[in-house]
Amino acid sequence: MAQDRAKPPMITALLSMKCPNCRVGKIFIQGTFPLKDNLKMHEYCPNCGLKMTKETNNGFGINYVLTVLTIILNILWYWPIFGLNYEDNSIYYFLTVSTIITILLQPWYLRLSRVLFLYFTVGYRSKPF
Ligand SMILES: [Zn+2]
């Protein structure tokens, strides 16, 4: 029975996109690809029955934070390799590269932001099984 298992670590449950309540049931119906079904979620957790789709569960705010954070963190590798200077166009090249990277990461960010939203709002075993 699920109640008897040891508590799964939060970080592995979060990164493997498991239910925040039981950390066993999967949140999404399938993997990232194909992109058409990227964000299809189970309405209720297959393991504990937690309702996971809510009107407000979009995680758009968290996705925005992840996107801005990625653009800022791209400076850490771009600046030492290519250099940034306000006297030439290097800032525009950086913004172009950074934007492309951020767009390519969106399928995972959209999923991760929804999972993070669930983990912010639902604690471990906060709902009865
Ligand atoms: Zn669950």
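Between SER16, SER90, SER113, the Gaussian network model of the chain with springs among Cα atoms under 10 angstrom shows the greatest mean-square fluctuation at SER90. The simple Förster model, with R0 at 30 Å and r as the Cβ-Cβ distance, assigns THR99 and PHE120 a FRET efficiency of 0.65.
Against the chain, whose longest principal axis is taken from its Cα atoms, helix 60-82 shows a tilt of about 40°. Label-to-label distance for LEU15 and PHE60 is 3.0 nm, based on points extended 7 Å past Cα in the beta-carbon direction. Would you check the chain for Lys pairs whose C-alpha atoms are within less than 23 Å, ignoring same-chain pairs closer than 8 in sequence, and give me the count? So the count of such lysine pairs works out to 22. Work out the FRET efficiency for GLU43 and ALA6 from their Cβ-Cβ distance, taking R0 = 30 Å, and round it to the nearest 0.05. Once the sixth-power term is evaluated, E becomes 0.60. Applying 1/(1 + (r/R0)^6) with r as the Cβ-Cβ distance of LYS127 and GLN30 and R0 = 30 angstrom yields a FRET efficiency of 0.80. Taking all Cα pairs closer than 8 Å and separated by 6 or more residues, the relative contact order of the chain comes to 32 percent.
The numbers here are math on the coordinates, done by the rules we state, and not lab data. Just so it is clear, the model here is predicted, and its values are computed rather than measured. Neighbour counts are summed over all protein chains in view; Cβ atoms, including those assigned to glycine, are modelled from backbone coordinates with ideal geometry.
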